[in-house]
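Colleague: For reference, the structure I am asking about is given below.
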Amino acid sequence: MSSGRFCYLCGAVTEELFHGLCSPCFLGEKELASIPPRISVSLCRGCFRYYSSGSWVDGGESLTGFVETVGRKEALSHVSKELKDPSVDVEIKDIKEKGKGLSVELELRVSGTTSGLEYRQTLNTVLQIKNVTCPDCSRRSGGYYEAIVQLRSEHLDDTVTKFHEQIGRLYARDKQAFIVGETLVKGGVDFKLGSAKAAKTVATYFKSHYKAVIKETASLVGRKEGNDIYRITVLIRI
């Protein structure tokens, strides 16, 4: 005679019950994840950031990366606390153009553990993407700049390469660290930068790594909402 116990739902004999159920019935009764059938999101196609909770959030470096980021984030935000160590695999089933944006069908496979058992659940949703331009990319396309960097060096090619490398690193975390103008002048290059902070950071880099001589000046260029607006010029001489 079996020494096991009976699952009250299906009658199966098992050595271990979970709240009176065998493991298949216990897991089958649970829905530990959910997701809305449609999710709307505004995406800047210039930098692949999307608008969420009042701010622009990094969404990856490509459309696929963005879709996977949002799908995973949305699924995890609707997971029950009962599911431990949750993870989400995202599969793009279909992409269609819709108006000024895209409609993306997603299959989200949620997994984790509950009561020591492996749990899996498949969710489906449609990500409705509206193509927009974020404020930083709008400034960039409009030629906005807060600083002029005057780079002067006897080894100009190498110095300009280093300058671009540093701006690229800064842009990864500050989307105003962009170059809107680059002019070759006697003895060097003048750059127009979208971010005054980035200009100062680059100057600090060249001063600490190449003992560059730094000179900074500021000029009043206007007023906005009662406040003076200044544009800085940073001379970096190596």
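Colleague: Work from the charge dipole of the chain (Cβ charges, +1 for Lys and Arg, -1 for Asp and Glu, about the Cα centre) and give the residue of His78, His155, Gly65 farthest towards its positive end.
Modeller: Toward the positive end, the furthest listed residue is His155.
Colleague: If you roll a 1.4 angstrom probe over the protein chains with everything in place, what fraction of the accessible area of the range 19-73 belongs to carbon and sulfur, to the nearest %?
Modeller: 47 percent
Colleague: Ignoring trypsin sites (Lys or Arg not before Pro) that are buried or in helix or strand per DSSP, and keeping those with at most 10 other beta carbon atoms within 10 Å, what is the longest stretch of the chain between them?
Modeller: 1-80
Colleague: In the range 10-105, what chymotrypsin sites (Phe, Trp or Tyr not before Pro) fall in a loop by DSSP, with at most 15 other Cβ atoms inside 10 Å?
Modeller: Sparse-neighbourhood loop chymotrypsin sites (Phe, Trp or Tyr not before Pro): none present.
Colleague: Rounded to the nearest whole Å², what accessible area per residue is found for the range 64-168 with the 1.4 Å probe?
Modeller: Each residue of the range 64-168 exposes 56 Å² on average to a 1.4 Å probe.
Colleague: Give, in nm to one decimal, the length gained when the segment between Arg173 and Lys186 is fully stretched (0.36 nm per residue of separation minus the Cα-Cα distance).
Modeller: Computed gain between Arg173 and Lys186 is 1.4 nm.
Colleague: Could you let me know the centre-to-centre spacing of the range 75-145 and the range 197-238, using Cα atoms, in angstrom?
Modeller: 40 Å
Colleague: Can you compute the helix-only [θ] at 222 nm over the chain? Use -39500 (n - 2.57) per DSSP H run of at least 4 residues, normalise by all residues, nearest 500 deg cm²/dmol.
Modeller: Per the formula, -7500 deg cm²/dmol.
Colleague: Hey, another quick one. When only DSSP loop residues count, what GluC sites (Glu not before Pro) in the range 140-169 have their Cβ near at most 13 other Cβ atoms within 10 Å?
Modeller: Loop-located and lightly packed - Glu154.
Colleague: For the chain, which cysteines have no disulfide-compatible partner, meaning no other cysteine Cβ under 4.7 Å?
Modeller: That list is Cys10, Cys25, Cys47, Cys137.
Colleague: May I ask you to list the aspartates and glutamates whose Cα is less than 13 Å away from that of Lys73, ignoring any residue fewer than eight positions away on the same chain?
Modeller: Asp58, Asp89
Colleague: Turning to a different aspect of this structure: In debye, nearest 20: dipole of the chain around its Cα centre with unit charges on the Cβ of K, R (+) and D, E (-)?
Modeller: Once rounded to the nearest 20, the dipole reads 1220 debye.
Colleague: What part of the accessible area of the range 143-184, given as a whole %, is carbon or sulfur when the probe is 1.4 angstrom?
Modeller: Heavy-atom surface of the range 143-184 belonging to carbon and sulfur, 1.4 Å probe: 46 percent.
Colleague: Go through the range 1-108 and name the GluC sites (Glu not before Pro) that are in a DSSP coil and have 13 or fewer other Cβ atoms within 10 Å of their Cβ.
Modeller: Glu15, Glu16, Glu29, Glu31, Glu61, Glu82
Colleague: Leaving ligands, DNA and RNA out of it, report the carbon-plus-sulfur percent of the accessible area of the range 196-238 at a 1.4 Å probe.
Modeller: C and S fraction of accessible area: 51 percent.
The values are calculated or read from the model by the stated rules, or taken from the named source; none is laboratory data. Just so it is clear, the model here is predicted, and its values are computed rather than measured. Every residue, glycine as well, gets a Cβ built from its backbone with ideal geometry; the counts of neighbours run over all protein chains shown. Only protein heavy atoms, including side chains, enter the accessible area calculation; ligands, DNA and RNA are left aside. Shrake-Rupley method; radii C 1.70, N 1.55, O 1.52, S 1.80 Å.
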